[in-house]
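Contents: one structure, followed by commentary.
Please treat every number below as a calculation from the coordinates, not as lab data. Note that the structure is predicted; figures quoted are calculated from it, not measured. When we count neighbours, we look across all protein chains shown, and the Cβ atoms used for this are built from the backbone with ideal geometry, even at glycine.
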Amino acid sequence: MDGTEVENNGTQELLKSSSSDKRLRVQITEGDLLCVNQCGFYGTPQWKGRCSKCWRAYQMEEKKAQCYTKNRELLSFEKFEGRRKLSTESRSLTLKSILRKSPSLTANSNSSQEMVFTTSASHSTLPSPVTPIRHRLSEESSSAYDRFHEFLQNNLPQSAAHEIAQQTHHAVDKILEQQNVNMDDLSSMVQHFYQVLADKMRHNPIISGSLIDVSVEEVMGEVEQYICVRAYSTLFCARHVILADEETADLSLQDRIRSLNWVTAGFLETTLDFSQESVRDKLDEAITEIIDMNSHRGAAEKLQCLVRCSKMIFEALKESRSGW
């Protein structure tokens, strides 16, 4: 073997030794394999250096953040502002159209601030121009119709009862015609009608005085109850494509509620003791009241459901604390 061969062999051995040294220096330590959250378990590249437990927690946090962002955008009402601006211009005209043909509002200027009521025949039957309506109503609406007219007949003078009945029926007919009006605008129109009618009754000495046994508030309560029942399909139900925005908001709210299914009573710090059967029963009753709210048409009955629901929740809290 000559010197050249010896030199070449020495060079090859040196390269092999250098390559071997490089392979030894590039090593993965145990710390590199541990979870990035330093929980003591090993992570994987597919889970971004996390272990299975931390990866599930990470995914849950990501999902909650995505749901929050998504629902915040869906529930923002910025996209509804354009539609509200368009409906604002027509609101005053529609308000006038609801009340335009009402006899009390088309009275001459000398009697525009008060209704002409008399005390005669305070318990006479109401005239019958509106009685044909009775034959076209559903069972619940018919019952509300009978109750409303019975109240007016038994508590107000004939002319006053007839005037209020006419205005109320006219308002119901106009509300039922407002199929293309935004719900907020429709609500404003109905409240405006209530205000006009109440103001006119308060300016009448017979109703606002001591000549009858009912107050203006009681009469308005019966008017509101009747309108809510008769115009339920328009006031409380989606009726046209114009309400697509409201339906979208409702669906997005449902998605938001479902995204919070991981929230338990412990997060809310309600101190509810679910180990007590009485507490669970009262919460079930509260849920039932909320569900039953949709079975009632009148606003008063709906509010009573909410009151009973709240009462059941407070009683459940009281039961939970008494068991401590």
Centre separation in Å (Cα based) which lies between the range 158-205 and the range 245-324:
34 Å
With 10 angstrom as the radius, rank ASP273, ASP255 by how many other C-beta atoms surround their C-beta, starting from the fewest.
ASP255, ASP273
Note: probe point = Cα of GLN276 + 7 Å toward Cβ; backbone nitrogen < 19 Å; residues of the range 299-320 passing the test are 309-320
Please name which of ALA265, HIS203, SER275 has its Cα lying farthest along the dipole of the range 153-295 towards the positive end, using unit charges on Cβ (Lys, Arg +1; Asp, Glu -1) and the Cα centre as origin.
HIS203
How high is the FRET efficiency from GLU269 to ASN154, r the C-beta distance, R0 56 Å, rounded to 0.05?
0.60
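Nearest 0.05, what FRET efficiency do THR69 and VAL216 give at R0 = 35 Å with Cβ-Cβ as r?
Numbers: r = 50 Å, r/R0 = 1.42.
Computed FRET efficiency for THR69 and VAL216: 0.10.
Excluding LYS282 itself, what net charge comes from residues whose Cβ is under 12 Å from its Cβ, given Lys and Arg +1 and Asp and Glu -1?
-4
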What FRET efficiency comes out for the pair LEU306/LEU34, r = Cβ-Cβ distance, R0 = 51 Å, nearest 0.05?
0.40
